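Chemist: Mind having a look at this structure? Questions to follow.
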Amino acid sequence: MKENQKNKFKTPEGYFERFNERLMDRIAKDSDSHQNIIPESDGFAVPDGYFENLPSKIASRIENGEGKVVQLNPQKKFYYAAAAIAAIIALALALNIERSTEIEFDDLASSDIADYFENTNFNLTTNEIAELLPIENIAISDITEVPLGEENILEYLDENIEDLDELNLDYNELE
């Protein structure tokens, strides 16, 4: 078995057996030899006449205001200060929330709108997007940044299209 490492003090075996008998025998032996193992006084003494003048001393101190006042719970003022600060912060936040206005479309920056459309996947095809846009009042110059001229269109087609069949044009519309 492991020995108890925390408590290194041990009592001998059988120490508490017949302890009362041994204690009483020792007290009886000491009282016979006039040596008392129990002290006569505890070391505390009251000066002579202390209690005779005590009420008058207390009354004079109360009248003169010499008494010392000790607060039992001095932390209360810190609790009150912390509660007051918390109430002020809560009030400021509540007033700030009421002042805030709703964000409208005009408040958004155009870069935020462009980022939204670039980073959001709508799972729409180009045909579905084209169906959603009204084309009655839209001109090509509204869509493109570069002015489209006949030269620009022909140059683009020469560079990017190898066969006219890729354009999927209906030749009847061209005539």
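The values are calculated or read from the model by the stated rules, or taken from the named source; none is laboratory data. Keep in mind that what you see is a predicted model, and the values were worked out from it rather than measured. Neighbour counts are summed over all protein chains in view; Cβ atoms, including those assigned to glycine, are modelled from backbone coordinates with ideal geometry.
Chemist: Of all residues in region 102-131, how many are among the hydroxyl-bearing types (Ser, Thr, Tyr), in a helix (DSSP H, G or I) and more than 33 Å from the chain's Cα centre (by Cα)? Give the steps one after another, and end with the answer.
Modeler: Applying the first criterion (among the hydroxyl-bearing types (Ser, Thr, Tyr)) to region 102-131 yields 110-111, 116, 120, 125-126.
Filter again for in a helix (DSSP H, G or I), leaving 110-111, 116, 126.
Right, trim to more than 33 Å from the chain's Cα centre (by Cα) and you get 110-111, 126.
Residues in region 102-131 being among the hydroxyl-bearing types (Ser, Thr, Tyr), in a helix (DSSP H, G or I) and more than 33 Å from the chain's Cα centre (by Cα): 3 in total.
Chemist: Another question about this same structure. Pull out all pairs, ordered by first then second residue, where Cβ-Cβ is under 8 Å, the residues are six or more apart or on different chains, the first lies in region 129-147 and is more than 18 Å from Phe117 (Cβ to Cβ) and among the β-branched types (Val, Ile, Thr), and the second is part of a helix (DSSP H, G or I) and at pLDDT 75 or above.
Modeler: Qualifying pairs under 8 Å: Val146/Asn152.
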